[in-house]
Amino acid sequence: MSSAFSEFVERFPSVPMPVVLGEDTHHVFSQENKPLPEMLTARFILPYEETPPEGKDLVEYVPCFAIANTERFVALVWWKAALLSYEYVLATYTPKGELIDRRTIAYTRVEGDKVRRAVSTIDEDWNIFIAEGEASSDDDSFDPTTSRMRELELTSEGRIV
């Protein structure tokens, strides 16, 4: 592992599974984990952003945790806060720091008059269960017709499928 990648990974403590990621879980991580230096964010996160964040100075990244016992890859979760969008991102890297895969696994997004939310659970077998739905931004009433469940899996090669 390069020294820069080692420094990046050290910001993400290993935690036992299962882990639940919800709307307010990031508060615990932001209090307990050191912030990511801009140099590490620029090297290991920003090149892989799906779309360049608008007003990147207003985007914050909080290291959450590393998934333990991965032998052939490194799996990290961080929280990304942008304007009207908050996401938990799972990313996997080779031991050299090269990205293998990346996926948003939980979020809160304000889109017009709707608030879209997804919460996720990662279990001991690296299955990722995601529950998604919408609420009205006026009164925060949940619309059950918008709810759906998805399941992803973290493979032994570090792919998120």
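The values are calculated or read from the model by the stated rules, or taken from the named source; none is laboratory data. These figures come from a predicted structure and were not determined experimentally. Counting neighbours? That spans all protein chains shown, and the Cβs are built from the backbone with ideal geometry, glycine included.
I'd like the residue in the range 124-152 that is of a type in the set (D, E, K, R) and surrounded by 13 or more Cβ atoms within 10 Å (Cβ to Cβ) and, out of all such residues, is modelled with the highest pLDDT.
E132
Out of the residues in the range 65-88 meeting the condition of being within 9 Å of the chain's Cα centre (by Cα) and without any contact (Cβ under 8 Å) to a residue 40 or more places away in the chain, tell me which one is surrounded by the most Cβ atoms within 10 Å (Cβ to Cβ).
Going through the qualifying residues, I end up with K80.
Any chance you could count how many residues in the range 38-70 are outside any helix (DSSP H, G or I) and modelled with pLDDT under 90?
Here the count works out to 9.
Of all the residues that make up the range 112-161, how many are of a type in the set (F, W, Y) and within 27 Å of L83 (Cα to Cα)? So that I can check it myself, show each step before the final result.
So the first thing to find is which residues in the range 112-161 are of a type in the set (F, W, Y), and the list is 126, 129, 142.
Applying the additional criterion that residues be within 27 Å of L83 (Cα to Cα) yields 129, 142.
Residues meeting the conditions: 2.
Filter the range 1-37 down to residues that are at pLDDT below 85, farther than 27 Å from E98 by Cβ and of a type in the set (A, V, I, L, M, F, W, C), then give me how many there are.
The number of residues fulfilling the criteria is 1.
Given the residues R102, R109, R117, R150, which is the only one that is within 20 Å of E23 (Cβ to Cβ) and out of contact with any Ser or Thr (no Cβ under 6 Å at 6 or more places or on another chain)?
Criteria check complete, one pass: R150.
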